[in-house]
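The values are calculated or read from the model by the stated rules, or taken from the named source; none is laboratory data. All values derive from a computational prediction rather than experimental measurement. Cβ atoms come from the backbone with ideal geometry, glycine included; neighbour counts cover every protein chain shown. Just the protein is used for accessible areas: all its heavy atoms, side chains included, with ligands, DNA and RNA removed. Shrake-Rupley method; radii C 1.70, N 1.55, O 1.52, S 1.80 Å.
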Amino acid sequence: MTRTLCILALLSTAAAHASPLAASKLRTEYLTNPLAIDDPHPRLSWIIDSPERGARQSAYRIIVTSGVGTGATQLWDSGKVDSNETINIPYTGKPLAPQQRCDWKVQVWNGENKPGPWSTPAFFQTGLKTWSAEWISYKDDTPIHTSRKDLYLPAPRHYRKAFATAKKVRRATLYASALGIFDAYLNGKRISDAMFSPGWSDYKQRAYYRAFDATPFLKPGTNELSAIVAEGWYSGYVGYGLLVGYGPYKTGRSFYGKTPALLAQLELEMEDGSRTTIATNKTWQVATGPTLEADILMGETYDARLQPTNWQPAILASENPQAKAPFSDKGGDREIELSFHPPAKMQAYSGPPVRPIQELRATKITEPTPATYIYDLGQNFSGVARLKVKGPAGTRVRVRFGEMLHKDGRLMTENLRRARATDTYILKGDPNGETWTPRFTYHGFQFVELTGLPAKPALDAVTGIVVHSDTPLTSKFSTSDEMANQLFRNIVWTQRSNFVELPTDCPQRDERLGWTGDAQTYARSATYNADTASFYTKWLDDLEEAQRPNGAFPDYAPYPMQHGSPQYSWGTAWMDAGIIVPYTVYKAYGDTRVIERHWDSMTRFIEFRKKLSPDLHGTKTGNSWGDWLSIGSNTPLEFVDAAYFAWSAKLMSEMATAAGKPFDQTLYPRIRATFQQDYLKPDCSLSVNTQTAYVLALKYDLIPDNCRQASADKLAAMIAANNYHMTTGFLGTYPLLPVLSATGHHDLAVKMFQSREFPSWGYEVANGANSIWERWDSFTKEKGIHEPSMNSFSHYSFGAVVEWMFKTYAGIDTGDAGYKTIVIRPGEPSAGWVKAEYDSVRGMIVSNWRNTGQRYEAEITIPANTKATVYLPAKSAAGITLDGKPAQPKRMETGRAVFEIEAGTYRFSSK
Ligand code: BGC
């Protein structure tokens, strides 16, 4: 028996003792027990969490039921299906009714065909199809605000309705939406911690609705359903509208409409099977409450003296026990208005909610000028500040937010541009102190400034509440270089700060838009750091909705206003997000439905691209963001465009194959050939002599094989000639290290990664960054803060190096889509060690390696049901061990011993 056979025998021996397997982490459409699923065939997923070597599911059986006890009906019994698939299995049982609760469980058989126990059940609820609720608003007789000088910040409206339930309620589900953003309450208790519901869409075309379980909040007898509705993205300030006077009234607000509205339908399912609906209509009441202003960019103002009214049903019950009084019969202060155009389409929200995720305590207070107190929360993040203050009634506490401090210790707010980012709390004078947390705004900050207090506040007067879309973190990374560890933390924080309802460019200034260029450079990185599947699923619908009539994907999505050149709403590499992001979701999560869902719009985009550049040379037109923020180098737009055209075509070809769609497979090779005619010289150099030109050409596989190495060597030489500094911007930087590592220049990639010189990741860290900055020198110890007109301290684009950190430095990549097969291929080991973990859609993948100088040691874990090809750095096959015993690789490739492994943990060592 050869040694290779020994290893295979080892795996099969493990399988012979295989224990029964159980499915866990059951999810529907990437969500845990979702309450509103629109799709008639929702996809079910689970993982098999087993430490056993070779753990493998050989079959599964899914049972879906509806109803309880004797009333339960079976909707689907998949029967035993011989398959090792665990993700995105479509429900194909009986047709689902609206608002149906579907309980499901799964049983799996192991590699020896032995059944395991049934999983803990999970459920999903189908969405609401028929709305008996009417959109309600209030009679808004304020004139249209046209001043760009003064902010217009109307008070959010409180809507309410009392109702009685005589029967015992089994299940209460609230379906609700708003033109604006809402918080819903039942009997004075907030029924969800989700913020900014229902989320941002093009409200003229489509609004999301949310579903909440209201059952625990109901009581026998009289109940009160209420909601507060603020302007949000619907009619509040959006983007830099204010800065440049965009929007219908050139005031930077009211892009979709003037007056917010509410749609709510509470569905009560009684114990006896009967149903009752409480829905918004003319009989509701509306009034203002203690929140005097609420705007995402500008901030919130709250007068607590107005709080213990019957119109404020314990808005913050936990923080204001006196406010628990039920509504009185007093009517509202306005008339309910029903006359306006509702969105054409309602859609269940498919993403994770934005919610408070974490609390940060202040680390210190300073007082740069008398009675101005600055709290340092120790971390740049997105969220709000919870106040705990004491003082006489009427005291106005002004709360301002900043990412940095000036040299003299004052708060730096200049880089927020026209985002006022100021909250105000007016005390009611409670001698025991009072607590307040805003609900309809968020800020990007590290420092909080309080003014207006009668005495120096305590350190716990301010708590940072970290707020973002609930995308659970999925990665860990540490290495022997402490700079890289800090960098990793900075990247993850910056991702969190910019995953707020949509992938934003930045969380602080008057922008916070879903810039598509930033999104496409960072998407693959994002999938390593967090479970972003449902987040992108949602945003891709917004992106498709924002597609321009000519087929281009716009500069940002949603797209409330035009920016850049008045002629163009799109630009090279930004618009390609419409192909790259769906492809990324497909690749990282094994999701082919995302391809099917957006196939038509992606096809329209490719047609647009073909029209734009019929001769396939690329275009010079469109918004020329190009290699944005490159340093002292300019790669012509036409070149960049040709590269992106090729790349989009190539990804389309791959997606077409994956989803069985027709596509012109000659498009990519034709663009590639044209590109070579246009730019490739006989000596394998390019006629455009920038680092970015080489990086794009190599990354997007535009250089023929016989020239690849020479071109890559040229790139490496250019970098060396520039003192090992990059000149690349948004587009050139994220593929830079991957290209170097893939072309025999991994040492150079590591050198640049570990550099502390400008421009580099280490330079930022050395200058004290705890987040990723828009510019490498957003702040330097010598020069201080870069000029503020475009200087965000939370911009994820340059953090896209994390893709290389996982894929190449640690060596974790997907083979086929969705990590069914895995590639473990760390770059040639530099000195030191790396520990990386990635919780994939099929379970945990670990790649730990250490270079001791004499030996290379690697500990690899892959989850059940997967296989990995491990490319172990090794001079030769001699002396390789697996779990301490001599082992023979399947084959040797240049400097790599190749092993094929199945689920489990393996300890390799080589010379
Ligand atoms: C944003 C960028 C964006 C760019 C377009 C900026 O203001 O912050 O990240 O991609 O505009 O050039």
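Among Ser792, Ser78, what's the order by accessible area (1.4 angstrom probe), most exposed first?
Sorted by accessible area, descending: Ser78, Ser792.
For the chain, what does the relative contact order come out to in percent, with C-alpha contacts under 8 Å and a separation of six or more?
10
If region 28-82 were replaced by its equivalent ellipsoid, with semi-axes equal to the square roots of 5 times the Cα gyration tensor eigenvalues, what would those be, largest first, whole Å?
Semi-axes (√(5λ), whole Å): 25, 16, 11.
Hey, any idea what % of region 545-624's accessible area is carbon plus sulfur with a 1.4 Å probe?
49
Give the shape of region 17-142 as rounded, prolate or oblate, defined through the alpha-carbon gyration tensor: a ≥ b ≥ c are the square roots of its eigenvalues, a/c under 1.5 means rounded, and otherwise the shape is prolate if a/b is larger than b/c and oblate if not.
Here region 17-142 falls in the prolate category.
Could you look at region 343-491 and say what percent of its accessible area is carbon and sulfur, using a 1.4 Å probe and all protein chains?
51
Quickly work out the Lys610-to-Asp213 label distance, labels modelled 7 Å from Cα along the C-beta direction, and quote it in nm with one decimal.
5.0
With a 1.4 Å probe and every protein chain left in place, work out the accessible area per residue of the chain in Å², rounded to a whole number.
36
Can you return the aspartates and glutamates within cross-link range of Lys611? Criterion is Cα-Cα under 14 Å, with same-chain partners fewer than 8 residues away left out.
Counting by Cα, and skipping residues close in sequence, Lys611 has these aspartates and glutamates nearby: Asp641.
Select from the chain the helices, each a whole stretch of DSSP H, whose alpha-carbon atoms run 15 Å or more along the helix axis and whose Kyte-Doolittle mean is at least -0.5; answer none if there are none.
Length and hydropathy pass: 3-16, 577-589, 637-659, 705-721, 730-742.
How high is the relative contact order of region 84-230, given as a whole-number percent (alpha carbon pairs under 8 Å, six or more residues apart)?
Value for region 84-230: 23 percent.
Pairs Lys161/Lys282; Lys388/Lys456; Lys250/Lys538; Lys250/Lys620; Lys114/Lys820; Lys364/Lys783: which exceed 20 Å Cα-Cα?
Too far apart for the 20 Å limit: Lys250/Lys538; Lys250/Lys620; Lys114/Lys820; Lys364/Lys783.
In the full protein assembly as shown, how much of Tyr679 is accessible to a 1.4 Å probe, in Å² to the nearest 10?
Estimated to the nearest 10 Å², Tyr679 gives 30 Å².
Just the Kirkwood number for region 362-494, please: inverse of mean 1/r across all distinct Cα pairs, in Å, one decimal.
Here the Kirkwood hydrodynamic radius works out to 16.1 Å.
Can you compute the FRET efficiency between Glu337 and Asn432 using 1/(1 + (r/R0)^6), with r the Cβ-Cβ distance and R0 = 45 Å? Round to the nearest 0.05.
Once rounded, the FRET efficiency stands at 0.65.
Tell me whether region 697-744 comes out rounded, prolate or oblate; compute the Cα gyration tensor, take square roots of the eigenvalues as a ≥ b ≥ c, and use a/c under 1.5 as the rounded threshold.
Oblate shape, in that a/c is at least 1.5 and b/c is the bigger or equal ratio.
Given only helices, namely DSSP H runs of n ≥ 4 each adding -39500 (n - 2.57), what is the per-residue ellipticity at 222 nm of the chain, to the nearest 500 deg cm²/dmol?
-6500 deg cm²/dmol
For a quick check of understanding: with a 1.4 angstrom probe and all protein chains in place, what accessible area in square angstrom does Ser794 have, to the nearest ten?
Estimated to the nearest 10 Å², Ser794 gives 0 Å².
Shape call for region 525-596 from the C-alpha gyration tensor, a ≥ b ≥ c root eigenvalues: rounded (a/c under 1.5), prolate (a/b greater than b/c) or oblate?
It comes out prolate by the Cα gyration axes.
In region 180-221, whose amide N lies under 19 Å from the spot 7 Å out along Cα-to-Cβ of Ala166? List them in ranges.
Residues 219-221 fall inside that zone.
Of the cross-linked pairs Lys476/Lys885; Lys699/Lys751; Lys407/Lys751, which ones have a Cα-Cα span greater than 22 Å in the structure shown?
Result: Lys476/Lys885; Lys407/Lys751 exceed 22 Å.
Between Ala659 and Thr146, what length in nm is gained on full extension when 0.36 nm per residue of separation is reduced by their alpha carbon distance?
179.7 nm
7 Å from Cα along Cα→Cβ at both Thr130 and Gln205: what's the point-to-point distance in nm?
Rounded to a tenth, the inter-label distance reads 2.9 nm.
For Val244 paired with Leu459, estimate the spin-label separation in nm (one decimal), with each label point 7 Å from Cα along the Cα-to-Cβ line.
For Val244 paired with Leu459, the spin-label model returns 4.5 nm.
Please compute the contact order of region 632-694 in relative form: average sequence separation of alpha-carbon pairs under 8 Å and at least six residues apart, divided by the residue count, as a percent.
Rounded, it is 39 percent for region 632-694.
Given a Förster distance of 35 angstrom, what is the FRET efficiency for Lys620 paired with Thr869, based on the Cβ-Cβ distance and rounded to 0.05?
So the FRET efficiency works out to roughly 0.25.
Can you tell me which of 25-33, 776-784 comes out highest on packing, and rank the rest after it, using the mean Cβ neighbours within 10 Å?
Sorting 25-33, 776-784 by mean packing, highest first, produces 25-33, 776-784.
For a quick check of understanding: with a 1.4 angstrom probe and all protein chains in place, what accessible area in square angstrom does Ser192 have, to the nearest ten?
So the heavy atoms of Ser192 present about 30 Å² to solvent.
With all protein chains present, how much of the accessible area of region 870-910 (probe radius 1.4 Å) comes from carbon and sulfur, to the nearest whole percent?
For region 870-910, the apolar C and S fraction of the accessible surface comes to 53 percent.
Relative to the present Cα-Cα distance, how much length would full extension add between Thr32 and Lys94 at 0.36 nm per residue of separation?
20.1 nm
When you take every Cα atom in the chain, what is the radius of gyration, and what is Dmax, the widest Cα pair distance, in Å?
28.6, 89
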